Structures are given as structure tokens and as C-alpha cells.
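What follows is a short report on a single structure.
The values are calculated or read from the model by the stated rules, or taken from the named source; none is laboratory data. The shown structure was predicted, so the numbers you read here are calculated from the model rather than taken from an experiment. Cβ placement follows ideal geometry from the backbone for every residue including glycine, while neighbour counts extend to all protein chains displayed.
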Amino acid sequence: MNNENAVPRHVAIILDGNGRWAKQRNMPRSFGHKEGCKVIEQTVYDAGELGIEYLTAYGFSTENWKRSDEEVTGLMKLFRIYMKRLMGIAKENNVRVKSIGDRRRFPEDIASGLDDLEEQTKDNTGLTFIIALNYGARDEITRAVKKVAEEVRVGALSPEDITEDVIASRLDTAGIPDPDLLIRTGGEMRLSNYLLYQAAYTEFYVTDVLWPDFRMEDLKKAVEWYMHRERRFGGVKQEQTT
Ligand code: IPE
Ligand code: IPE
Ligand code: MG
């Protein structure tokens, strides 16, 4: 029997290791972030080439505000530049852009830039590129619970009708299928508050490659590894059902 999977429909990436990559070169962390942005751009093309339908990239976590003012300010500058570039790339390549995370904490121009990106690319039919900015899964779940509570308060929803789907549809990822494959670069074996609800049955691939060094061949390796995984979703192996 054949356990092989198709190409993952949704790949989520924790792009880690920009700082270490810069340090190895005696350069400031911002140099690693700049290089990392170029790699995101390339990965959007590459994922489309491989037939991946959804790509979610973790750009900035709710915990990343703890970094130095200098690093955070540098990252905001990069977001501004790359949001503009992304608009062009999305239009040229039929990419639909979405963002997840609480954008209210960002400066107004970044928040409205993200709105524009979503609005102007919403009818594109190629890869859906989801960028997680000021994203934290606990924060996302907390905001979803608040929405549900408010619906119950006004009488639009009764507690008995709260299902897993009701919760999922109040998350930032509403309408997006759960990730099939999660790739973490930089070698750490942890989720760092990423997609906690959505990754319940996601296959988890960790590579020591630092994000600025991540290339198409690394993406292909992860996808090939995924294609040989046997996914059971809590069931049993096909040949062991008795
Ligand atoms: C990931 O790289 C990018 C962001 C979190 C914005 P890091 O900046 O975490 O790089 P390392 O982990 O310190 O090497
Ligand atoms: C996760 O990386 C967040 C992003 C890639 C944006 P971190 O570098 O912030 O995670 P930890 O601190 O190693 O858990
Ligand atoms: Mg890191």
C-alpha cells in the first residue's frame, strides 16, 4: 500500500536564524533581517513553483517587541519597504496576500499598508501568501474567545452551538486550511507561539539551515520528507486495522 502524500497544500514557516547568520559574519542583526526578507520573497516564488497553495511565514511575534528598540525600529523599516515590494510581486505573480496577527499595535501606515495589500490582491488566484505580523497564537485565541463571548452576550450564539469550527472561524486564519507541513529553520525544536490551534496534526520539520541561507533545494527537501510521512490523524495504520 502506498502511504505517500501529495505536495502539501499549506506550508507554514518559522523563519528563524537571521540574527545568528549576521553574527557569523560580524554584522549587525539588521543585516540578517534584510537578507531574510529577500529569502521570503524568493520562497514565495518557489512555493508557487512547487504547487503549494498556501504559504504562511512568521515575520514578527507578539513576543518580539521585547527586542531592543533599535532592532524593532529596523524591522518596522523593513516591513515598510517589503510591503511595497510585495504588492508588485503579488500583482505580477497572481499571488493573494493575507496577514494574520493583531495589526493594531503597528504604526498606522503599516496597518493600512497591510489592508491595501489584502484588498488589492484578494481576487488573485495563485499562491496565497499569509504573513504573520504581531502574531501570537495565544493572543489570536484570546481575541477569538472575546468575539465568541460577545456573540453570546448579544444573543447571536448560544453556548451549546460553540463547536471547533465556530472557534476556527473566529481565528485570524478563518477560511484557510490547517497547515500540512511546518518548517522551522535555525534548528530550534519549538513552536514559539505559532499556530497552536491550527497545527494540531501538522507534520513538523526542523532544519539547522539559518533562514538567510534557505533556498529552493531546502524547501524541496522538506516537501519530499513530508511526502513520505504517514499521517494518521489519531487513527491507525491502514494495514493494522484488525
Ligand atoms: C528570526 O530571526 C526573525 C525574527 C524573529 C524577526 P531571529 O532574529 O530570531 O534570529 P536568531 O534566532 O536570533 O538567530
Ligand atoms: C519565532 O522566532 C518568531 C519569528 C520567526 C517571527 P523567535 O526567534 O522569536 O523565537 P524564540 O525566541 O527562539 O522562541
Ligand atoms: Mg530567533
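Details
- Of all residues assigned to region 176-187, none qualifies as being away from ligand 3 (no atom under 16 Å from the Cβ), assigned to a loop (DSSP other than H, G, I, E, B), within 17 Å of the chain's Cα centre (by Cα) and free of Cβ contacts under 8 Å to residues at least 60 places away in the same chain.
- Of all residues assigned to region 217-239, none qualifies as being within 16 Å of ligand 3 (Cβ to nearest atom), modelled with pLDDT of 95 or more and either at positive phi or outside any loop (DSSP other than H, G, I, E, B) (or both).
- When the test is whether a residue is assigned to a helix (DSSP H, G or I), closer than 24 Å to V223 by Cβ and in contact with a Phe, Trp or Tyr (Cβ under 8 Å, 6 or more places away or on another chain), A90 passes it.
- Within region 50-75, considering residues that are within 11 Å of ligand 2 (Cβ to nearest atom) and part of a loop (DSSP other than H, G, I, E, B), the one surrounded by the fewest Cβ atoms within 10 Å (Cβ to Cβ): E63
- The residues listed here are V44, V39; of these, the one that is within 16 Å of I131 (Cα to Cα), more than 10 Å from ligand 1 (Cβ to nearest atom), at pLDDT 95 or above and in contact with a strand residue (DSSP E or B) (Cβ under 9 Å, 6 or more places away or on another chain) is V44.
- Top-ranked residue of region 1-21 - restricted to ones that are small (G, A, S), crowded, with 17+ Cβ neighbours inside 10 Å and touching a residue at least 24 places away in the same chain (Cβ under 8 Å), ranked as nearest to ligand 2 (Cβ to nearest atom): G17
- Boolean, L171 is surrounded by 15 or more Cβ atoms within 10 Å (Cβ to Cβ) and within 16 Å of ligand 3 (Cβ to nearest atom): no
- When the residues of region 131-171 are filtered to those that are among the polar types (S, T, N, Q) and more than 16 Å from ligand 2 (Cβ to nearest atom), the one that is farthest from T73 (Cα to Cα) is S158.
- Filtering region 150-163 for residues that are more than 16 Å from ligand 3 (Cβ to nearest atom) and buried (at least 18 other Cβ atoms within 10 Å of the Cβ) leaves an empty set.
- Of note, A174 satisfies the criterion of being farther than 30 Å from R25 by Cβ, in contact with a helix residue (DSSP H, G or I) (Cβ under 8 Å, 6 or more places away or on another chain) and among the small types (G, A, S).
- Filter result for R25 (more than 23 Å from P107 (Cα to Cα) and either more than 16 Å from ligand 2 (Cβ to nearest atom) or surrounded by fewer than 14 Cβ atoms within 10 Å (Cβ to Cβ) (or both)): yes
- Meets criteria (away from ligand 2 (no atom under 16 Å from the Cβ) and aromatic (F, W, Y)) for Y197: yes
- Matching residues in region 146-167 - criterion: being touching a residue at least 12 places away in the same chain (Cβ under 8 Å) and either part of a helix (DSSP H, G or I) or under 18 Å from Y194 (Cα atoms) (or both): K147, V148, V166, I167
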